[in-house]
Structure formats: structure tokens, C-alpha cells
Amino acid sequence: MGDINYYANIIEDCIRDLGLDPVQMRGELEGQWNLKRGSASVYVDLWRSDTSKQIYFQLLAPVVGVPPTNREQFFHELLQINHTLYGVAFSVKDNYAYIKMIREAEGLDKSEASAMIERIGYYADLYDDRLREKYFGR
């Protein structure tokens, strides 16, 4: 099933390439890193599933809360945006919209991990301000 430390080293190399200290970016739990891209947060997670024993690589970026009004329009817009995104998608959990990607870590290389981190950071930073302004006026 692979060595989780191998994939953690790939992720930390990607973080280093961003000019950041991966040790400083580590989260509370092993296999977590907390990054920023402009005004957006990007959470990087690497873990082994208890049930399948597979190692998973996930990127999650909180974008904006679900508005109390115009919800149907908001959800429709997220679906329309999803159609234009590459390798990531909007999801909604607990009344908050996120941009997310998840995959098995097996076969992950530095080039792909770096591209995913860059991509999700770019999209989150692009859409957090746009959607907040449109649906919350700030």
C-alpha cells in the first residue's frame, strides 16, 4: 500500500518550492499542512484509510459560506463553475462551500502534487472574493 512518509516528503518538497518552510506549515495532526494563497486558505491532508489501508491525498480550500438568500442561484453558479474547473470541484458541507480534490496517493509524483496545490490555491483565491462580493456584498 506504500509508505506514507514517501508521499509526505513529496508534499513537503512542493511546499518548499513555494518558498515556505513545511515544518512551519504543518497542522495539528501528522499529515496535515495549512497553506495560504492570497486571501484563501488551502488545507493539505495525507492519511491512510483505516478500512481500505489506502493512502489518500486531499486538498481542501474553504471559499465562502452558503448565503441565506439566493441559495438556488448560488448552488447553480457553483455547478456552472465546476464545469470550467480542472481536476477540482466545489463541494458544500455544513453550510460552507469548498473547493476540493482527493485522490489515492499511489503514483503521485512531485510534479502532479505541485500542480494540484497551485491549482486549488489559484481557484480558491479567485472565487472567494468574487462569490463573497456577489452574495454577501463584501
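Nothing in this text is a laboratory measurement; each read-out follows from the coordinates by a stated rule. Being a predicted model, the structure only gives us computed values, none of them experimental. Here Cβ is always computed from backbone atoms with ideal geometry, including for glycine, and neighbour counts include all displayed protein chains.
Quick check on my filter: what residues within region 15-47 are in contact with a helix residue (DSSP H, G or I) (Cβ under 6 Å, 6 or more places away or on another chain) and under 16 Å from G107 (Cα atoms)?
Matches in region 15-47: L46 only.
Kindly evaluate Y7 against the criterion of being among the hydroxyl-bearing types (S, T, Y), over 30 Å from Y135 (Cβ atoms), in contact with a strand residue (DSSP E or B) (Cβ under 8 Å, 6 or more places away or on another chain) and crowded, with 16+ Cβ neighbours inside 10 Å.
Considered against the rule, which asks whether it is among the hydroxyl-bearing types (S, T, Y), over 30 Å from Y135 (Cβ atoms), in contact with a strand residue (DSSP E or B) (Cβ under 8 Å, 6 or more places away or on another chain) and crowded, with 16+ Cβ neighbours inside 10 Å, Y7 comes out as yes.
Which condition from (1) exposed (fewer than 15 other Cβ atoms within 10 Å of the Cβ); (2) assigned to a helix (DSSP H, G or I); (3) in contact (Cβ under 8 Å) with a residue 60 or more places away in the chain; (4) not β-branched (V, I, T) is the one that C14 breaks?
All conditions are met except number (1).
Quickly run through region 26-37 and pick out the residues that are surrounded by 12 or more Cβ atoms within 10 Å (Cβ to Cβ) and out of contact with any Lys or Arg (no Cβ under 9 Å at 6 or more places or on another chain).
Those that are surrounded by 12 or more Cβ atoms within 10 Å (Cβ to Cβ) and out of contact with any Lys or Arg (no Cβ under 9 Å at 6 or more places or on another chain): R26, G27, L35, K36, R37.
Could you tell me which of the residues L78, L46, L59 is within 14 Å of the chain's Cα centre (by Cα), closer than 21 Å to L126 by Cα and among the hydrophobic types (A, V, I, L, M, F, W, C)?
From the options L78, L46, L59, the qualifying one is L59.
Go through region 49-87 residue by residue and tally those that are closer than 21 Å to E12 by Cβ and either without any contact (Cβ under 8 Å) to a residue 24 or more places away in the chain or surrounded by 15 or more Cβ atoms within 10 Å (Cβ to Cβ) (or both).
Here the count works out to 7.
Anything in region 62-75 that is within 17 Å of A124 (Cβ to Cβ) and either outside any strand (DSSP E or B) or in contact with a Pro (Cβ under 7 Å, 6 or more places away or on another chain) (or both)? List them, or say none.
Listed by number, the residues that qualify are V66, F74.
Taking region 1-34 as the search range and keeping residues that are β-branched (V, I, T) and more than 17 Å from the chain's Cα centre (by Cα), which one is farthest from I55 (Cα to Cα)?
Here the answer is V23.
Those residues that are more than 20 Å from S91 (Cβ to Cβ), outside any loop (DSSP other than H, G, I, E, B) and not basic (K, R), I need them from region 34-58; list them, please.
I55
If a residue must be part of a loop (DSSP other than H, G, I, E, B) and either within 14 Å of E118 (Cα to Cα) or in contact with a His (Cβ under 6 Å, 6 or more places away or on another chain) (or both), how many such residues does region 17-27 contain?
3
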